[in-house]
1. Taking segment A:30-53 only, how many residues are exposed (fewer than 14 other Cβ atoms within 10 Å of the Cβ) and not aromatic (Phe, Trp, Tyr)?
2. In the set B:113, B:101, B:117, which member is in contact with a helix residue (DSSP H, G or I) (Cβ under 8 Å, 6 or more places away or on another chain) and either at pLDDT below 95 or not in a helix (DSSP H, G or I) (or both)?
3. Considering only residues that are in contact with a Ser or Thr (Cβ under 9 Å, 6 or more places away or on another chain) and modelled with pLDDT of 80 or more, look in segment B:133-150 and name the one that is surrounded by the fewest Cβ atoms within 10 Å (Cβ to Cβ).
4. May I ask you to verify whether residue A:63 is surrounded by 11 or more Cβ atoms within 10 Å (Cβ to Cβ), within 14 Å of chain B (Cβ to nearest Cβ) and either without any contact (Cβ under 8 Å) to a residue 40 or more places away in the chain or touching a helix residue (DSSP H, G or I) at 6+ places or on another chain (Cβ under 6 Å) (or both)?
5. Does residue B:35 fit the bill of being in contact (Cβ under 8 Å) with a residue 60 or more places away in the chain, in contact with a helix residue (DSSP H, G or I) (Cβ under 6 Å, 6 or more places away or on another chain) and either part of a helix (DSSP H, G or I) or under 30 Å from residue B:126 (Cβ atoms) (or both)?
6. Does residue A:14 satisfy being surrounded by 11 or more Cβ atoms within 10 Å (Cβ to Cβ) and without any contact (Cβ under 8 Å) to a residue 40 or more places away in the chain?
7. Being polar (S, T, N, Q) and within 14 Å of chain A (Cβ to nearest Cβ) is the filter here, so list the residues in segment B:144-176 that pass it.
8. I'm trying to understand the selection: among the residues of segment A:24-39, which are of a type outside the set (A, V, I, L, M), more than 10 Å from chain B (Cβ to nearest Cβ) and more than 11 Å from the chain's Cα centre (by Cα)?
Amino acid sequence: MPINVKLDDLLHARRMTLTELAERIDLTLANVSILKTGKAKAIRFSTLEAICRELDCQPGDVLGFAPEADPAKG
Amino acid sequence: MSTFRNDPLLGIAKALLTFTMAMFVIGIVSLGIGAAVMLAMKSAVVAKLVENGALTEAFWGILLLMPLVAGMLMLCYRFAEKLRAIVRTVELGDPFTPDNAGRLRGMAWLALAIQLASLPIGAVAMWIENATEKMGSMEVTADVSANGLLLVLVLFILARVFKTGAQMRDDLEGTV
């Protein structure tokens, strides 16, 4: 998926563990892990809001867009 | 997830379906035994039929009817089996799955096959009825019914509803 989640970098910069973030945003560790590994299909605004609040960042800092190479264009 | 686990309706449905399936199996086995016995005692059966005023050909008609009815019972068994599997998933609290969509689609095809199978059964039964007219005790009716065809339509629609439901649930599962 061309949307990537940059939670790892943000957590590293804030010296915060995944477990700690999960507790702060009131989400299970399993779900935060799904988000972090890019396996999530969608993210709720409420989740994004909680992450931005706890990590003191903007939605753009959490999510990134990297277009996939078009095989038709070679 | 365990909301439906103690639902008495599901328990009754499951028990009823299991009982019905057992009846279908008994019916199929009985028809098999009946056909074998008829073949083994052909002359005695034909003699009894003729004695009661039926045509000799009625024997072959009855013999043909038995596997047809057994086939129909087999279709009914498969239908009940799929329905019981769906009831089980409801009981587990997870009915919106692609498997159930497939089961419903299968049930729709089975219901259609049952309707179509009733045509030759009805025709053979009617022929036997005429051949044994003088015996006066046989009345068989089997034909395509509007309710049966409506059931086919409803099942095909429900299969699509479940397919969409499964997709929606899948999306929801991946939402964080």
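1. Initial filter on segment A:30-53 (exposed (fewer than 14 other Cβ atoms within 10 Å of the Cβ)): A:30, A:37-39, A:41-42, A:44-46, A:49, A:53.
Subsequent filtering for residues that are not aromatic (Phe, Trp, Tyr) retains A:30, A:37-39, A:41-42, A:44, A:46, A:49, A:53.
Total satisfying the criteria: 10.
2. Numbers: B:113 fails: either at pLDDT below 95 or not in a helix (DSSP H, G or I) (or both); B:101 fails: either at pLDDT below 95 or not in a helix (DSSP H, G or I) (or both).
Only one candidate qualifies: B:117.
3. Just the residues of segment B:133-150 that are in contact with a Ser or Thr (Cβ under 9 Å, 6 or more places away or on another chain), to begin with: B:138, B:142-145, B:148.
Of the ones still in play, those that are also modelled with pLDDT of 80 or more are B:145, B:148.
On the way: B:145: 11, B:148: 15.
Selected residue: B:145.
4. Numbers: surrounded by 11 or more Cβ atoms within 10 Å (Cβ to Cβ): yes; within 14 Å of chain B (Cβ to nearest Cβ): yes; either without any contact (Cβ under 8 Å) to a residue 40 or more places away in the chain or touching a helix residue (DSSP H, G or I) at 6+ places or on another chain (Cβ under 6 Å) (or both): no.
No.
5. Values: in contact (Cβ under 8 Å) with a residue 60 or more places away in the chain: no; in contact with a helix residue (DSSP H, G or I) (Cβ under 6 Å, 6 or more places away or on another chain): yes; either part of a helix (DSSP H, G or I) or under 30 Å from residue B:126 (Cβ atoms) (or both): yes.
In short, no.
6. Details: surrounded by 11 or more Cβ atoms within 10 Å (Cβ to Cβ): yes; without any contact (Cβ under 8 Å) to a residue 40 or more places away in the chain: no.
No, not satisfied.
7. Initial filter on segment B:144-176 (polar (S, T, N, Q)): B:145, B:147, B:164, B:167, B:175.
Selection gives B:167, B:175.
8. Step one: of segment A:24-39, the residues of a type outside the set (A, V, I, L, M) are A:24, A:26, A:28, A:31, A:33, A:36-39.
Remaining after also requiring more than 10 Å from chain B (Cβ to nearest Cβ): A:24, A:26, A:37-38.
Listed by number, the residues that qualify are A:24, A:26.
The values are calculated or read from the model by the stated rules, or taken from the named source; none is laboratory data. Because the structure is a prediction, the values reported are computed rather than measured. No Cβ is skipped: glycine too gets one built from the backbone with ideal geometry, and neighbour counts run over all protein chains shown.
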